[in-house]
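So the structure is just underneath, and the comments pick up after that.
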Amino acid sequence: MLLASSMLACMAGFAPGAADAQTQTVAGATETINFQIPAQPLSAAINTFIRQSGWQISYSSELAAGKTSTAVSGSMTPVAALQQIVRGTGIAVRVSGAGSAALVGPQAADAGGVAADGSTVLDTITVQGQGGSTTEGTGSYTTGQMNTATGLPLSIRQTPQSVSVVTRQRMEDQASNSLQDVLETSSGISIQKYDSDRTEYLARGFTVGEFQYDGVVIQNEGVYDFGLTNPDTAIYDRVEIVKGANGLLQGAGSPGAAVNLVRKKPTDTFQASVTGTAGSWNTYRTEADVSGPLNPDGSLRGRLVGSFEDAESYLDHYEKKSFSLYGILEADITDNTTLSLGADYQQSRPRGTSWTGLPMFFSDGSRTDFDVSTNPATDWSRRDTFTNNFFVTLDHEFDNGWQADLTYNHRRNGHDSVLGSAGSGYPDPVTGAGVYQYVGKYSGRLTQDTVDAKLSGPIELFGREHDLMFGATASHKTTKGPLYGYGGVNYDPAVPDFFTWDGNTDEPDFDLTGRYENSLTQYGAYAATRLRPTDDLSFILGSRVSWYDYDDQGSYDNATGTWSGASQYTTNGKITPYLGVVYDLNSNWSVYASYTGIFKPQGNQDVNGAYLDPEEGHSYEAGVKAELFDGRLNTSAAVFMIKQDNLAETAGYDPVLGQNYYEAVDGVTTKGFEIEASGEIMPDWNLYAGYTYAHARKADGERVYSFIQTSAPENVVKLYTTYTLPGEWDKLTIGGGVRWQDKIYGYVWSPANVYEDVSQKNVFLIDLMAKYKLNEKVDITFNVKNLLNEKYYVGLGNFDTGYYGEPRSFSVSTKFKF
């Protein structure tokens, strides 16, 4: 509250009009900023300009190589500052849109050196600088730069892996208010739900077990979740997705994909907005976002973002309240040094929470078919979660173009769950008897401290400029919580008639029986370089050395005063290599190939309680990429193959421990290809389209079920597009898209006491949107999801149950800008 009050008070004092040096405009072209950029190598000066202005700058590395900038000091427009930086280099500035420009050689520039149409096709575009990847305010479905794959500031075309970037604009157009909304509309990603509040994501046939928050890796806690798998997206500028293994920066991780949520940053000029949304099932949501300078010269900036949502559901007697708050302060300690301090908090409080889905079989062995609204949960069942994150980042830019980054991150997550849900057994098709509730109480706290240091910059070698990055990271995570027992003495879990079940029962009592605790410590050192032996050819070479120590103390029994089930796993000096090559066919097209090692320790146990050996393997990829329309459209096509050993597969259920046990499977191979396009295909016409084919099989040719008991779809199509009408209708934007996936299979225990394969046909969903801009300050957006009201499973086989996806829904939101 102190942070919020201080920021609001300061911003009120230094809003547009209060500071003489700054004026607010729609396009930002006449806005003045106090620039302090010393003379230095041109590429380093452009990086500093991007950070101070927030602009996106496109230029070729060859164009800037060997050139020195002119110093810039004082208050001026970004265009004037950029022209002064390149003065005397023979380079001209071409303004290509609001907040974006390109540097071109004299042969491509007009007589004046500045144009507003952005029509010229540039040579070998590469976007540099930390600020060049910010997507907020660009209106684009793509970005010029991302570094989740290698840590190097590369454009999408120069990154030798399949990547997707979900921009702020696309999140707003598709009403993507949660990570689940984002990923279920992203190319190559499919989702499976355990129940109403837990989600699993799959890419290239494998679960995504880790997430990054501004590059800090957090391991998903599986079925316990801790609120990690579905955060609110109000505080994020974009979501970067790297397909395939990402062992260089992520270390131990999924071979399917790496997902990085990048927070919004403070802005150099004042901006604020409030968004209100109302939707189906009494859903009401409010977002507020205020950002800007906190002192007259803009050296101290801040941002505060919050959201609150109160919603019921298509599920009977289910409702949820969620809340998020994010604040960040950014201070220029010197002209080249920036200190950032921030924190975020998110909380989710559902009621009527299901624990697993619905029974898949009747007692006679026939398949069930319930209403989509059927909720197996009791009305008191709940899974409360919170996430609390604190971070400090220190960035320093040296005069020679190098940059040092030091980050400390402290994260606290927790869940408190009291659960009752009728997902066990098989209902009689006539009487509805034979179903029992899963009942339990669980709680836990997760604490993680992470330190990451990185140094990167250009190097001159054999008369050419190359890039080098190296760093180190250390992380310690502790998970602990109480254990509760339930004897069922005071509560009958049997459901007399599942057909009339409404969840209206009294909450049982639970006894505190003990506690559990485990810890995970990771260290890593990594390095990568991009070598450019010719103008058209670049090699990216990298490696990571990892140390991994997992210590499970097991569980403590209050009655006996003893610990049991303790185990430990340690890996020292594990090397994960990364190799990539990119060849520019011309100024727009490139071909690439890459190799990444796979190493992922796992917490899955076999029938004897021993942890399985780490997953290991190899990931190969090759493809072609293109930057079209001056970088406004990115396209790619890739083929890939993943080979993996020690993949955990469900082998059975231990009724004493109340959990599944697993066996390691060798020779799992995934082969496939991906096609993707994102960006602007015509003025005012944005497009995101992707198709992925991934064929995952074990060595014996059988399907892969991995940790969850559902196979991933082999074919996935995602398409979304928006178009702003021309002429007198230019205030109206219309759009829509499709989500399609083919057949999936579930591995379900049947009344015949055997596992049976159940399947679901392909799923085809249509979404629509329309946005009307009342004026420059107010716009209204209308969204429809699942227009055809398709009935389908979004969880098939998990815990031998099925979970239905969301039926047709509507929402309307109004955004006010200040």
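The values are calculated or read from the model by the stated rules, or taken from the named source; none is laboratory data. Worth saying up front: this structure is predicted, and the values here are computed from it rather than measured. Heads up, the Cβs are rebuilt from the backbone with ideal geometry, glycines too, and the neighbour counts pull from every protein chain shown.
Things to note:
- Val392, sole failed condition from (1) assigned to a strand (DSSP E or B); (2) modelled with pLDDT of 95 or more; (3) over 27 Å from Gln212 (Cα atoms): (3)
- The strands (runs of 3 or more DSSP E) located wholly in the range 566-663 that include 2 or more residues which are β-branched (Val, Ile, Thr) occupy 567-584, 589-600, 633-645.
- Answer residue from the range 585-608, given it is at pLDDT 90 or above and closer than 21 Å to Phe206 by Cα and is surrounded by the fewest Cβ atoms within 10 Å (Cβ to Cβ) among those: Tyr595
- One residue stands out in the range 505-545 among those that are over 23 Å from Tyr484 (Cβ atoms) and part of a loop (DSSP other than H, G, I, E, B): the one that is modelled with the lowest pLDDT, namely Asp535.
- Residue within the range 609-622 that is more than 24 Å from Asp700 (Cβ to Cβ) and either touching a His at 6+ places or on another chain (Cβ under 6 Å) or modelled with pLDDT of 85 or more (or both) present: yes
- Yes/no for Ser96 being at pLDDT 70 or above, polar (S, T, N, Q) and over 17 Å from Gln36 (Cα atoms): no
- Of all residues making up the range 784-794, the number that are hydrophobic (A, V, I, L, M, F, W, C), assigned to a strand (DSSP E or B) and either more than 17 Å from Asp173 (Cβ to Cβ) or touching a His at 6+ places or on another chain (Cβ under 9 Å) (or both): 1
- Members of the range 663-688 that are free of Cβ contacts under 8 Å to residues at least 60 places away in the same chain and more than 18 Å from Met641 (Cβ to Cβ): Glu663, Ala664, Ala677, Ile681, Met682, Pro683, Asp684, Trp685
- Taken together, the residues in the range 320-338 that are surrounded by fewer than 17 Cβ atoms within 10 Å (Cβ to Cβ) and not in a loop (DSSP other than H, G, I, E, B) amount to 4.
- Of all residues making up the range 775-809, the number that are out of contact with any Leu (no Cβ under 9 Å at 6 or more places or on another chain), at pLDDT 95 or above and among the aliphatic types (A, V, I, L, M): 1
- Selection status of Trp380, closer than 18 Å to Phe226 by Cβ and in a loop (DSSP other than H, G, I, E, B): no
- Among the residues listed as Thr669, Thr781, Thr733, the single one being under 26 Å from Thr199 (Cβ atoms) and assigned to a strand (DSSP E or B): Thr781
- Being buried (at least 20 other Cβ atoms within 10 Å of the Cβ), touching a strand residue (DSSP E or B) at 6+ places or on another chain (Cβ under 7 Å) and of a type in the set (S, T, N, Q) holds for only one residue in Asn798, Asn762, and it is Asn798.
- Some residue of the range 736-747 being loosely packed, with under 13 Cβ neighbours inside 10 Å and either at pLDDT 95 or above or over 16 Å from Thr275 (Cβ atoms) (or both): no
- Filter result (over 21 Å from Thr387 (Cβ atoms) and surrounded by fewer than 17 Cβ atoms within 10 Å (Cβ to Cβ)) within the range 455-483: Ile459, Glu460, Leu461, Phe462, Gly463, Arg464, Phe470, Ala472, Ala474
- Failed item in (1) crowded, with 24+ Cβ neighbours inside 10 Å; (2) at pLDDT 90 or above, with Ser176 passing the rest: (1)
- Members of the range 706-735 that are of a type in the set (Gly, Ala, Ser) and either surrounded by fewer than 16 Cβ atoms within 10 Å (Cβ to Cβ) or modelled with pLDDT of 95 or more (or both): Gly727, Gly735
- Residue in the range 667-675 that is of a type in the set (A, V, I, L, M), over 18 Å from Ser186 (Cβ atoms) and either out of contact with any His (no Cβ under 9 Å at 6 or more places or on another chain) or modelled with pLDDT under 80 (or both) present: yes
- The number of residues in the range 339-356 being outside any strand (DSSP E or B) and either at pLDDT 95 or above or surrounded by fewer than 22 Cβ atoms within 10 Å (Cβ to Cβ) (or both) comes to 3.
- In the range 172-203, the residues that are over 22 Å from Glu319 (Cα atoms), in a loop (DSSP other than H, G, I, E, B) and in contact with a Phe, Trp or Tyr (Cβ under 7 Å, 6 or more places away or on another chain): Gln174, Thr185
- Some residue of the range 800-815 being under 16 Å from Ser273 (Cα atoms) and of a type in the set (Lys, Arg): yes
- Within the range 496-512, one or more residues are of a type in the set (A, V, I, L, M), outside the structural domain of Pro41 (by TED's automatic domain parsing), surrounded by fewer than 18 Cβ atoms within 10 Å (Cβ to Cβ) and under 19 Å from Asp557 (Cβ atoms).
- For the range 377-410, the candidate set comprises residues that are hydroxyl-bearing (Ser, Thr, Tyr) and under 28 Å from the mean Cα position of the chain (by Cα); within that set, the residue that is surrounded by the most Cβ atoms within 10 Å (Cβ to Cβ) is Thr385.
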